[in-house]
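One structure is given here, and the rest of the page talks about it.
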Amino acid sequence: MKLDLLKQKTILILGLGREGKSSLRFLRRLFPNKKIGLADQVEFKKLNKNLKKLIKLRNIKAFLGPGYLEAIKKYEVIIKTPGIPTEKIKPYLSENHILTSQTDIFLENYGNQVIGITGTKGKSTTSTLIYEILKKGGKRVELIGNIGKPPLDFFKKGKRKCLFVFELSSHQLQGLKISPKIAVFLNIYKEHLDYYKNFQEYFSTKRNITRWQTEKDIFIFNYEISALRKLASQTKAKTIPFGFHNKKGCYLKNGWIVFEDTKILPIKEIPLKGRHNLLNVMAAVTVSSVFDISPNIIRKVVCKFKSLEHRLEFVGRFKGVSYYNDSLATVPEATMEALEALQNIETLMLGGYERKQDFTELIKMIIKKKIPNLILFPETGKRIYKEIQKIATKKYKPKCFLVNNMEEAVKTALKVTKKGTCLLSPASASFGLFKDYKDRGDQFKKYLQKLAKK
């Protein structure tokens, strides 16, 4: 959305989370005297002090509590926070409304400077790697989106010729009519099916990252996933694959990652564990090579790069057992990647919020690897337990421990894990017992440090 239109219209910011507050700061910088509406389901008395101060500012009208969506009818432009489903607000929209977002506004004005990264998993790792490599390579670059600051915090800075590495969730891509100059699509798994009608709608939303690209743009995609190969055949953009079985773009050859016949770095030097992280590195190598960053710089950055927090994060060794925090594994495929990446897993901590995911292949892998101990959180832990009992054999039946909180889970892990590795990789969302995946991972580390000392 262009600024001239924002200037002329009445504006409502829908949702007062991180992006909502950023949107208010952005509008105040551009239009100091403009009247702005704020709407959120949280009641005024439950807001923190900073938000209360914002709401009391001059030319602010707040709509808070259960009826907050009614405010939509009073405004022309709605700047929606990604976490609010579009379906939820549709009954309040008319054909005269303009529904927009931070992502939309930023891409409309600075899309030619954006490297957008999406996928079900690996976005943060890949985005951070790309940012670090480009920065080391002398590029003026900022990290924005889920892993960085909200994009509109950089709006004025964007007037400089700066690159923006933009981590894009499906929620941020929803409803877009513009795509970034360079789009990177890492993978696609069944996720967020409590938010979208079905997998097709989820994938369709993700497709917006390349849907509006032109012949002047670039689409970088994971060749290993057939749906992304098909998508690459449909885009107008120049396509560059990365993967294990392609012979152009970025691929593997004799133990090296290669980009268009140029050796970049040997696989054995990559510190990140797992096949999925190798693909993340290949995506970052592809983007960096497009910007002519030297193999030597790419190699140096990758070889020093450590796992991000909650992503196969090594927590420590206690009495000979290695503990890993992979709390961001919220789908079965992510946990399967973790099981492939680590050796000698004695205890696996699984389960969480119910999203009706299919655990069949994960359970088969658990049985194949004969993991001795399973610590299971509600609600999906109960379902996994029942399925394990059905198909486990006389030769292999894991010890299953149903727990109700992280303290109980860690106590159990310390008791039953005598050697090898203990892995928290839930294959499920965190909601219910935890605020989010960060809270789940933080509690794991907190209780591990606390209880291991005893």
Matching residues in region 137-150 (crowded, with 16+ Cβ neighbours inside 10 Å and either at pLDDT below 95 or not in a loop (DSSP other than H, G, I, E, B) (or both)) number 9
Residue 169 vs. criteria within 28 Å of residue 134 (Cα to Cα), in contact with a Phe, Trp or Tyr (Cβ under 6 Å, 6 or more places away or on another chain) and touching a residue at least 40 places away in the same chain (Cβ under 8 Å): no
Kindly check whether there is at least one residue in region 215-231 that is over 30 Å from residue 324 (Cα atoms), surrounded by 13 or more Cβ atoms within 10 Å (Cβ to Cβ), polar (S, T, N, Q) and in the same structural domain as residue 118 (by TED's automatic domain parsing). no
Can you tell me which condition residue 108 does not meet? The list is (1) surrounded by fewer than 23 Cβ atoms within 10 Å (Cβ to Cβ); (2) of a type outside the set (A, V, I, L, M, F, W, C); (3) touching a helix residue (DSSP H, G or I) at 6+ places or on another chain (Cβ under 7 Å), and all the others hold. (3)
From the list 406, 365, exactly one residue is touching a helix residue (DSSP H, G or I) at 6+ places or on another chain (Cβ under 9 Å) and buried (at least 22 other Cβ atoms within 10 Å of the Cβ). Which is it? 406
In this structure, does residue 25 turn out to be assigned to a helix (DSSP H, G or I), in contact (Cβ under 8 Å) with a residue 24 or more places away in the chain, over 23 Å from residue 176 (Cα atoms) and not hydroxyl-bearing (Ser, Thr, Tyr)? no
All but one of (1) without any contact (Cβ under 8 Å) to a residue 40 or more places away in the chain; (2) crowded, with 16+ Cβ neighbours inside 10 Å; (3) polar (S, T, N, Q) hold for residue 425; which doesn't? (1)
Residue 123 being without any contact (Cβ under 8 Å) to a residue 12 or more places away in the chain, farther than 25 Å from residue 8 by Cα and either surrounded by fewer than 18 Cβ atoms within 10 Å (Cβ to Cβ) or in contact with a strand residue (DSSP E or B) (Cβ under 7 Å, 6 or more places away or on another chain) (or both): no
From the set of residues in region 302-336 that are part of a strand (DSSP E or B) and among the polar types (S, T, N, Q), which is nearest to residue 279 (Cα to Cα)? 325
Test residue 165 against the criterion of being surrounded by fewer than 24 Cβ atoms within 10 Å (Cβ to Cβ) and either assigned by TED's automatic domain parsing to the domain that holds residue 334 or more than 19 Å from residue 304 (Cα to Cα) (or both), and give yes or no. no
Residues 367, 293, 363: which one is assigned to a loop (DSSP other than H, G, I, E, B), out of contact with any strand residue (DSSP E or B) (no Cβ under 9 Å at 6 or more places or on another chain) and among the aliphatic types (A, V, I, L, M)? 293
Got a sec? Which of 257, 267 is over 18 Å from residue 238 (Cα atoms) and buried (at least 16 other Cβ atoms within 10 Å of the Cβ)? 257
Answer yes if at least one residue in region 415-426 is more than 12 Å from residue 323 (Cα to Cα), over 23 Å from the mean Cα position of the chain (by Cα), in the same structural domain as residue 336 (by TED's automatic domain parsing) and in a helix (DSSP H, G or I), and no otherwise. yes
Residue satisfying condition, being touching a residue at least 60 places away in the same chain (Cβ under 8 Å), under 27 Å from residue 295 (Cβ atoms) and of a type in the set (A, V, I, L, M, F, W, C), within set 218, 240, 264, 225: 218
Can you tell me which residue among 287, 321 is buried (at least 18 other Cβ atoms within 10 Å of the Cβ) and not assigned by TED's automatic domain parsing to the domain that holds residue 432? 287
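The values are calculated or read from the model by the stated rules, or taken from the named source; none is laboratory data. The model shown is predicted, which means the values in this text are computed figures rather than measured ones. Positions of Cβ are generated from backbone atoms using ideal geometry, with glycine treated the same way; all protein chains shown enter the neighbour counts.
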